[in-house]
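Written out below as structure tokens is the structure these notes cover.
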Amino acid sequence: MRCQPQYEGQVYICLKNVQLCLLCNEPADAQTPLCMACETDLPWLGDQCLTCALPLLAPGMTCGGCLHEPPAFEQVAVPWVYGFPVDSLITRFKHSANWPFGHLLAEVLGQFLQHRFEEDLPRPHALLPVPLATKRLRQRGFNQASMLARWLGQHLDLPCEENLLQRILDTSAQQDLDAKARQLNLRNAFVLTPDAQVAGRHLALVDDVLTTGATAQALARLLIDAGAARVDVYCLARTPKPGT
């Protein structure tokens with residue numbers, strides 16, 4: 001029995017059709033479904049901490065948190081501040097399964113990372129999506145970090161190792177917790193799979209939003225303790241410090 005009707009005709013050829021911008025529905029200027037005007041208006045992250053990418057008032061600085069307690073990860077690479085319309089696009093991708101928005105953001109993130117690789121950012125050996133607990137994965141139906149990592153891997157020609165990290169504790173939601181509470185919440189929440197190959201490798205964690213960095217820190221510490229040479233973090237957006 002076939003669930004999908006059989007159709008022999010041509011459905012869609014991306015390169016031979018005019019792309020429409022997903023944000024304003026006007027013709028896009030390139031293969032990416034995003035016009036130049038909308039791309040320019042995105043909340044691009046400017047001056048930032050050299051380590052955790054926290055928005056700062058001046059370039060070339062490291063924030064007080066990273067100076068006081070350097071994280072296990074080496075560097076965060078992120079294009080946007082978590083603000084409109086990126087915050088809305090991420091929410092619709094993550095909570096409403098609007099995958100075209102997620103794919104669009106991943107494509108632009110891929111372009112951003114490729115530019116960084118050509119400048120000064122070392123290419124990792126593999127991408128590791130931040131894992132979801134089994135219960136939350138069943139509720140949502142997909143892991144947005146895994147989808148982002150797959151799309152990025154295709155764009156950057158990097159392997160995506162989705163099963164290297166596991167989340168074994170279904171901790172309470174992080175959104176309403178401060179930085180210290182998040183760290184305690186994530187204690188012992190993650191493990192490596194028994195056959196994980198980590199020693200000597202440069203690995204990049206992939207997630208949608210970096211807030212306090214507690215999840216990235218817990219995973220990076222796990223990987224570094226297992227012998228990883230370097231851990232970076234790639235994400236779509238960085239939240240500013242509360243009150244700024």
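Here are some notes:
- Selected residue (criterion: surrounded by the most Cβ atoms within 10 Å (Cβ to Cβ)) from residues of the range 53-110 that are among the charged types (D, E, K, R) and farther than 21 Å from residue 214 by Cβ: 107
- Residues within the range 50-95 that are assigned to a strand (DSSP E or B) and out of contact with any Pro (no Cβ under 8 Å at 6 or more places or on another chain), tallied: 4
- Cβ-Cβ distances below 7 Å connect the following pairs, each with a first residue in the range 64-81 that is without any contact (Cβ under 8 Å) to a residue 40 or more places away in the chain, a second residue that is of a type outside the set (A, V, I, L, M, F, W, C) and crowded, with 18+ Cβ neighbours inside 10 Å, and a separation of six or more residues or different chains: 66/51.
- Scope the range 29-41; condition without any contact (Cβ under 8 Å) to a residue 60 or more places away in the chain and surrounded by fewer than 19 Cβ atoms within 10 Å (Cβ to Cβ); matching residues: 29, 30, 31, 36, 37, 38, 40, 41
Every read-out reported here was derived from the displayed coordinates using simple, explicitly stated rules and does not represent laboratory data. All figures in this text were calculated on a predicted structure; none of them were measured in a lab. Positions of Cβ are generated from backbone atoms using ideal geometry, with glycine treated the same way; all protein chains shown enter the neighbour counts.
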